[in-house]
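Since every read-out is calculated from the coordinates, none of them should be taken as a lab result. Please read these numbers as outputs of a predicted model, since none were measured by experiment. Glycine gets a Cβ as well: all are built from the backbone with ideal geometry, and neighbour counts include every protein chain shown.
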Amino acid sequence: MRRWATPALASVALLATACPPPAPLTPGAEPELRVGLFAGVSQVVVGGDGELFVTDDGTGAPLGAIPAGATWQIVADSAGGGLRVIKPDGGASDPHHGVSAVNVTENHFVMVNGRRYRGRINIVRMGAGLTVMNRVPVESYVAGVLGIELGPRRPDEFQALLAQAVVSRTFALRNLRRWEADGVDAWADTRDQVYAGLAGETPQVWAAVRATGGQVVRYRGELIEAYFHSTCGFSTASVDEAFRAAQPRPYLRPVSDARGGGHYYCEISPRFRWRAEWDGAKLRAILTRTLPAVMSVSEDGLQPITDVAVTRTTKSGRVGELRIVFARGDVRIAGPDVRGVLRPDADQLLQSNAFQLFVTHEGDGRVSRLVAAGAGSGHGVGLCQWGAIGRARAGQQYREILGTYYPGTKVERLY
């Protein structure tokens, strides 16, 4: 979780007053989310395809209206620690701690840096820069997520889209207070779910959102930890296999994705099977960058690498421990760290923890070539998105799909 430096504490306190968190979950009432769009930026451009009404975020005092098609700049004030509004004529407002913008024209929307959003935009000064958030009802948030997370689907895959809608809604509501220190409920990137506002919406997406409106996944009355991933490869993983400190959950245990005859529901995924390869020099370069995160590396750098081997597998068949052997000594990498250490490239995680290794040695014993033959993509916990698509093609309904990947749970309407 991101933490702000000490000078931001006053801004955090103000944010709690000016942009109060949504009310606690109440059956029958659709909650509102504060979705963080940007943080730490020096300026943003605000406009709309209809007229915007802009107010001081703390007092509610009106600051003016932005005509349709026009834009204002909101900039961090370098002197006073607040922000200023710069209008097209170049005039700058007095400092404000925050501003709020909402479109007052029906079926038109506020725009931030050229992207359209439903609901209200709040911009506040936090620390050295601006935090920009979109206050939006949950159903509109799910619509802005769904098309990005699962993409357009064929008619015979629609049940997978319904399943993802319920999962995305559950994920958002379960994690409602996770980023309270940042003044938001969710971030619009991979820290939570990728949210694109209206750019993620389609008629198909809204059909899925409306068909599942207010529905969530529960286990014994509680919202579940709604993990999901791209492709399990053959079986999902238990949550404690994938994440260090994670507590076991009865509904986050390995689930086979086999559909019979040696086939799997997620085999339609482009990442169902994969291969990664390193020569000796590339392996050494990658490990030189990644191993310091999990072990101490001497100033002389890595010793010659003489072997890489899987020394333990998990109950779902994934790598539970990886051993890297050097000319003198070795290091053992825990399963949750393997994808970040044994990277195919410096900026890319290994596809998954489900793989076998093949090692070739030089005459002096050093590793000259390492090949990983793997299955699936992602952490493997919870809903397998490509498996859900395969199950939908096979005629399974979304409730059945969710009950399979989260055993023992129920789909229930919260509001």
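Might you report the magnitude of the Cβ-based charge dipole of the chain about its Cα centre, with Lys and Arg at +1 and Asp and Glu at -1, to the nearest 20 debye?
Value, rounded to 20: 1060 debye.
Going from the alpha-carbon gyration tensor of segment 111-228, what semi-axes, largest first and in whole Å, does one get by taking the root of 5 times each eigenvalue?
25, 18, 11
How large is the helix-only mean residue ellipticity at 222 nm for the chain, computed as the sum of -39500 (n - 2.57) over DSSP H runs with n ≥ 4, divided by its residue count, in deg cm²/dmol to the nearest 500?
That calculation yields -6000 deg cm²/dmol at 222 nm.
Only Lys, Arg, Asp and Glu count, each charged at its Cβ (+1, +1, -1, -1), so figure out the dipole size of segment 273-375 about its Cα centre, rounded to 20 debye.
The calculated dipole for segment 273-375 is roughly 460 debye.
Translational diffusion coefficient, Stokes-Einstein: compute it for segment 326-415 using the Kirkwood radius over C-alpha pairs as Rh, at 10 °C and 1.306 mPa s, and state it as an integer in µm² s⁻¹.
95 µm²/s
Gap in Å between the Cα centre of segment 174-252 and the Cα centre of segment 277-344?
When both Cα centres are located, 31 Å separates them.
Using the Kirkwood formula on the Cα atoms of segment 20-137, what hydrodynamic radius do you get, in angstrom to one decimal?
14.5 Å
Roughly how compact is segment 273-375, stated as its Cα Rg over 2.2 N^0.38 Å to two decimals?
Relative to the 2.2 N^0.38 Å estimate, segment 273-375 comes out at 0.99.
Just for the chain, what percent of DSSP beta bridges are antiparallel, to the closest 5?
Percentage antiparallel, nearest 5: 95.
If the only charges are +1 at each Lys and Arg Cβ and -1 at each Asp and Glu Cβ, what is the size of the charge dipole of segment 42-152 around the Cα centre, to the nearest 20 debye?
That gives a dipole near 160 debye.
Along the Cα-to-C-beta direction of Leu198, a point sits 7 Å from the Cα; which residues of segment 100-115 have their amide N less than 18 Å from that point?
Counting backbone N atoms under 18 Å from the label point, the list is 101-115.
Hey, could you grab the Kirkwood Rh for segment 91-162? Inverse mean 1/r over distinct alpha carbon pairs, Å, one decimal.
Hydrodynamic radius (Kirkwood, Cα only) of segment 91-162 equals 14.8 Å.
Cα axis of helix 138-150 to longest principal axis of the chain: angle in degrees, 0 to 90, nearest 10?
Value to nearest ten degrees: 40.
On the Cα set of segment 264-321, report Rg and Dmax in Å, please.
15.6, 48
Give the Cα extents of the chain along the principal axes, in whole Å, largest first.
Per principal axis, max minus min of the Cα coordinates gives 75, 57, 36 Å.
For helix 158-174, report the angle its Cα long axis makes with the longest principal axis of the Cα atoms of the chain; keep it between 0 and 90° and round to the nearest 10°.
It is inclined by approximately 70 degrees.
Roughly how many nanometres apart are two label points built 7 Å out from the Cα toward the Cβ at Arg220 and Ala68?
Here the modelled spin labels are 5.5 nm apart.
Quick one: Debye curve from the alpha-carbon atoms of segment 174-309 only, equal weights, vacuum; give me log10 I(q)/I(0) at q = 0.09, 0.13, 0.19, 0.22 Å⁻¹ to two decimals.
Once normalised to I(0) and log-transformed, intensities are -0.51, -1.00, -1.35, -1.37.
Cβ under 9 Å from Thr105's Cβ, Thr105 left aside: what net charge do those residues give with Lys, Arg +1 and Asp, Glu -1?
Residues close to Thr105 contribute a combined charge of -3.
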